[in-house]
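Written below as structure tokens is the structure these notes are about.
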Amino acid sequence: IGSNELFLSDLHIHTKYCNHAIGDIEDYILSGIKKGFKLLGFSEHIETAAYHRKNWLNKEELIIYYNEGIMLRKKYEEKIKILIGIEVGLNPNDYHSTNELIALKPWDYVGLSHHYLYSNNICLNFASTVEEEIEKIKKSGVNSLTTRYFTNLLEGIKKISDPDGFFLAGQSDK
């Protein structure tokens, strides 16, 4: 893909592995090829905290996801460029475990997201569109939570390692 060439791409694809999307990796690849995409990037979630929801892969699932992605990248390399990455859910209390998971495989890229914040011992899903979660965030103070969100994100960028790939920060699901 030439550097001056415009092309269709998507670097934020989740599949059945993350427990909040559906479809196999190959389903997305075939659909992308059919629609004329030149680049697809898969970015399944990893987290190291014990929050109330499980939308991320454990160590064994992460390895299965990576190996399947690499196999499919080779299978379709003549038709589309495939990147295999991860979306790291930021946990400011456990950078060590996060970096251990990142080090398991040579990811093409690592994205950093920050979905959860604690306020008054309540876990808040900062990326939620659920009205109940939005009300909890409002009651906890949007301005102070937003400040903490960006402070944590900047700290995470410094402390989460990705020596071989490139790094994206933020949460762009919405």
Where labels lie 7 Å past Cα in the beta-carbon direction, separation of ASN120 and ASN67 in nm: 4.8 nm
With every protein chain kept in place and ligands, DNA and RNA left out, what is the accessible area per residue of the chain? Probe 1.4 Å, answer in Å². 56 Å²
Run through the DSSP bridge list for the chain and note the antiparallel percent, rounded to the nearest 5. 15 percent
Stretched out fully, how many nm does the piece from PHE7 to THR147 gain, at 0.36 nm a residue minus the Cα gap? 46.8 nm
What are the residues whose amide H is under 5 Å from the amide H of LEU124, where those residues sit 5 or more places off or on another chain and H is modelled from the backbone? LEU117, TYR118, SER119
In a solvent-free Debye calculation with one equal scatterer on each Cα, what is log10 I(q)/I(0) for the chain at q = 0.08, 0.09, 0.14 Å⁻¹, listed in the order of the q values? -0.27, -0.34, -0.78
Accessible carbon and sulfur surface of the chain relative to its total accessible area, %, 1.4 Å: 53 percent
Once the in-chain neighbours fewer than 8 apart are removed, the lysines whose Cα is under 19 Å from LYS54 read LYS16
Percent relative contact order for the stretch 40-162, counting Cα pairs under 8 Å at least six residues apart, stands at 25 percent
Net length gained if the chain between ILE22 and LEU39 were fully extended (0.36 nm per residue, minus Cα distance): 4.1 nm
Using helices alone, what [θ] at 222 nm do you get for the chain, with -39,500 (n - 2.57) per DSSP H run of 4 or more residues, divided over all residues and rounded to the nearest 500? -11500 deg cm²/dmol
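The values are calculated or read from the model by the stated rules, or taken from the named source; none is laboratory data. All of these numbers come straight from a predicted model, not from anything done at the bench. Quick reminder, even Gly has a Cβ in these numbers, built from the backbone with ideal geometry, and neighbours come from all protein chains shown. Ligands, DNA and RNA are excluded from the accessible area calculation, which covers all protein heavy atoms including side chains. Shrake-Rupley method; radii C 1.70, N 1.55, O 1.52, S 1.80 Å.
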